[in-house]
Each structure stands twice: as structure tokens, then as C-alpha cells.
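The values are calculated or read from the model by the stated rules, or taken from the named source; none is laboratory data. Quantities reported herein were computed from a predicted structural model and do not represent experimental measurements. Heads up, the Cβs are rebuilt from the backbone with ideal geometry, glycines too, and the neighbour counts pull from every protein chain shown. Surface accessibility is based on the protein's heavy atoms, side chains included, excluding ligands, DNA and RNA. Shrake-Rupley method; radii C 1.70, N 1.55, O 1.52, S 1.80 Å.
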Amino acid sequence: MITIDGPVGAGKSTVARMLARKLGYLYLDTGAMYRAIGWKAHRLGIPPEEGPALRAMLAETRLEVHPGKDLPRRQAGEMRVFVDGEEVTEAIRTPLMSLMASAVSRAPSVREHLVALQRTLAENGGVVLEGRDTGTVVCPEARWKFYLDASLEERGRRRHEELRGQQEAVTPEETLAEIRQRDYNDTHRAHSPLRRADEAVLIDTSGITPAEVVRRMLEIISRSGRIGREGLLYRISYPLLYLLCRILFRLQVAGRERIPVGEGAILAANHVSYLDPPLIAVAVGRAISSVARHGLFDVPVLGRVIRWYGAFPVHQEAIDIGAVKESLKRLKQGELLLIFPEGERSADGRMRPPMPGVAMLALQAGVKVVPTLIEGAEQALPVGAKWIRLRPIKVTFGAPLKFSPPVMGKRNKEFYQSVSQRIMEEIARLKEAEQGNAPGKAALIS
Ligand code: DC
């Protein structure tokens, strides 16, 4: 189950339809159901407020929706609405019906009635629900929840475009007034007001196309490993790759339990070889994100594969704002992000001074940093080598570090640099500890 909530004009309907079509899911437009009730109240001249008349009307109303299941494929993702056998799919789309819907949606009896109906329609799963309270009230158990929003101007513009296609002439000012009124109604009603579920992923749709919003949603859905190609890929390929790395490199993993669960975190690792990203990914055993040189994405097969595995491009010539934004977004969505603070591979295995970027990301996103040490990859595939040698590799995760912004003074480059330095020191400490554990050294001490 997928829920998409948000205010008027945030782009929910277009996106929900596209998503349902892509996944072959049903599309349940809950707003249309409130509209249908508003439509009938209006037709009968019944006041849209809670009261005996509205309750009696509800008891006698036969509301049917056809969420695309029995429609031909090209119409999948459409939902037709019938009131007492009469189709109202088009008739409920006018500004007057928007206000009627908003008004009846305040009535507890209407909400109770429609929420029960919506739960029945969604109970078999495979549904995209769209509305105001689908993630908070109708299906709080939904696996994926999204909350779409956009600036008031953008929402007004979209709604105006939408209405222009209909008979009634409205000015942009009237549209904005309608949106303000509905925002107020939707967020101030006593029963299930419009609210973002804590766990819902917020997407600001201002200035981005519906296709891009859907792409982001699919990325989140598939990366969480349940459906889609990537889900299957993770489930099947990770155990296989782990086995392969055990055989080829006698891969050892220590401290995996230290990696935070259910929150975004940065894995900050030393960098000695091209093998580092895949081996650390295998060692983590969960889906991770990482940046990779943009040129790699142009390599025919490799580009696709690394994208599947959560890599995204970075331009290294200058500070890449797009990559920074993408990193922050992924961290805030609760993902693990692999970063090499040194920026480049070290040719001799010795650690190099870090760049300030890792600290900046950690502080901006407010996430923990897991110092990560990879050893042996510099032997297996050193800088400049053409062939992989079968040498043992070990990945060690240290205790997560959390940094706070300076109490006094500025978050300037020096500050970030010093935090990055601390991170590298922790990685170095892991290395010392590892060497301390090494049989030769232990023998020496004893
Ligand atoms: O999404 P829409 O514009 O078609 O919704 C019409 C009205 O219905 C909206 O102003 C508030 C109400 N609504 C609601 O209260 N709860 C929902 N889940 C969906 C819509």
C-alpha cells in the first residue's frame, strides 16, 4: 500500500495516477469520494454540515468507485465515481464541488462512513491511496507514505490551469482564494485534519515535473527492497556477492551491528582501491547510497549497475551543489550514505588529509557518522593495477559519532575541516586497534 497526502494543488492526483499505472496498482482517489457526497448534498439542497439530514442522506446513498481494476489497460490509473448508479466522475470536478467536498469532509459522520469504505477498498493491498488523511487515518499501516507540497503560487497556478479546461471561467485571484479557503478548512477541522504522518517522505513538487516526482518515489520504493527490479536485485544479489567476496577475498566484517538502523547515517571510509565501494556495500549487507564520478555513469553496463546499487553522480571539478542536495535528501530519507573523506584513493595505503565536505553533510543532515576502515583492498587492487589479486580484505565499522554545531563562532570551513579531521582520526584509531589485534603484534606485546 502506498499513501500520498498533501494540500490542494501539490500535484497528488497526477503523480498518484502515474505511480499506480507504473506499478499496476489500483488508484484510490479519496477526495473524489468526498466530492461525490458533496455533489449529492448540493443536488438535494441538504446543508453540508453535520446533522440529521446529512446522516440520513449518507445512509441512503450508494457510492461506488471503480478504481481502474476492470478498465482497459490504457485507462488504468483512472477512477470512475457513481452515486446511486449515476456517473459523476466529471460533474464533481467543479470549483463549487471542491468547496462542497471540503465542507462535507468536516462532518464526522461523513468521514467515518468514507474511511470505512476506503479501508475496505484498500484491504487487499496493491493500492495507491491519495487524499489528506490516507497515511495518518485510513491506512496508518501503509508501507510507503508520501506527503507532497508546493509553494502557494505554484499550487494556485496548477489549479488554475486545471480549471481553465472546464466551462466555468475563474480568475487566478479566485483560484488562490479558493485554495486558501480549502487549506484553512483542511488543516483546521476537528476530525483528521490534513497533517503529514511523521514517517511520510516529504516531496516539494515546486518546479519539478510529475514524472520526476514519480521517479523519486519509485527510487525510494524500490531501494527499500520490497518490489521492483532493485528489490529483487538486493535480495538475490547481496547474499551471492557476500559469498563471492568470502571466497575471493576471505572478506571479514567487524562491527556491522554498530551501523544505525531506521535513521540516515554517513559511512565515512578510508579509500585505497576501486574495490572499496562494492566491498563496503557487501559488508554493510543493506542498501546504501554512494557518490561516484559522473563519467562512470556513461560507461554502458557499469553505469546502470552502479545506479541500481544506489550510486549517484558527482562532478569533482568544482563543488557540485546537485550532489550535495541529493546526499542531504537521501540522508534525510533515512538512507546510509558511503563517503570517502579523503576524496581520492591513497596510493600507498596511508591516510590522506580529509576534505571538509563529509562534516558539512553530517551536520547539515543531523546524522551520525560511522567511521569505516577497509584493509587489504590496497593489496587486492592497488592504484594503477590492472588485475585483481586475491588478497584478504577486512571491513570494520566503528562506533557512530555525532557532532554538534559550534556553540560559539561560525560553521566555517575551518570548523568543518576540524570535524572531518576527527572522523579520519577515528578511522586511523580503528586501524591501530586492528593492528593491535594482529597476531604478530599481539605476540610481540605478550
Ligand atoms: O483532493 P480533492 O481536492 O479532490 O479533495 C476534495 C476535498 O475533500 C478536500 O478539500 C478535502 C476533502 N478530503 C478529505 O477531507 N480527506 C481526504 N482523504 C481527501 C479529501
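Some points to look at:
- Other-chain or far-sequence residues with amide H under 5 Å of Arg189's (modelled H): Leu194
- Ordering 344-353, 245-254, 100-109 by mean Cβ neighbour count within 10 Å, with the highest value first, yields 100-109, 245-254, 344-353.
- Its Cα centre serving as origin, the chain has a Cβ charge dipole (Lys and Arg +1, Asp and Glu -1) of approximately 1420 debye.
- Under 5 Å between amide hydrogens, built in the peptide plane, is the criterion, and for Val127 it picks out Ile2, Leu26 among residues at least 5 positions away or on other chains.
- Share of carbon and sulfur in the accessible heavy-atom surface of segment 264-422 [1.4 Å probe, %]: 59 percent
- Scalar couplings 3J(HN,Hα) for segment 208-214, obtained by applying the Karplus form with A = 6.51, B = -1.76, C = 1.60 to θ = phi - 60°, are 10, 7, x, 4, 5, 4, 5 Hz; x denotes Gly and Pro.
- CD proxy at 222 nm, helix term only [per DSSP H run n ≥ 4: -39500 (n - 2.57); per residue of the chain; nearest 500]: -14000 deg cm²/dmol
- Probe 1.4 Å - accessible area at Glu123, Å² to nearest ten: 130 Å²
- The angle separating the long axis of helix 228-249 from the principal Cα axis of greatest extent in the chain is about 10 degrees.
- Put simply, the amide H of Phe312, placed in the peptide plane, has neighbours under 5 Å in Ser290, Val291, Ala292, leaving out anything fewer than 5 places away on its chain.
- Entry note, the chain: relative contact order of 15 percent, from Cα contacts under 8 Å with a spacing of 6+ residues.
- Only lysines eight or more places from Lys394 in sequence, or on another chain, were considered; those with a Cα closer than 28 Å are Lys368, Lys386, Lys402, Lys431, Lys441.
- In sequence order, segment 144-154 has phi-based couplings of 10, 10, 10, 10, 9, 8, 7, 5, 4, 4, 5 Hz under the Karplus curve 6.51 cos²θ - 1.76 cosθ + 1.60, θ = phi - 60°, and Gly or Pro positions carry x.
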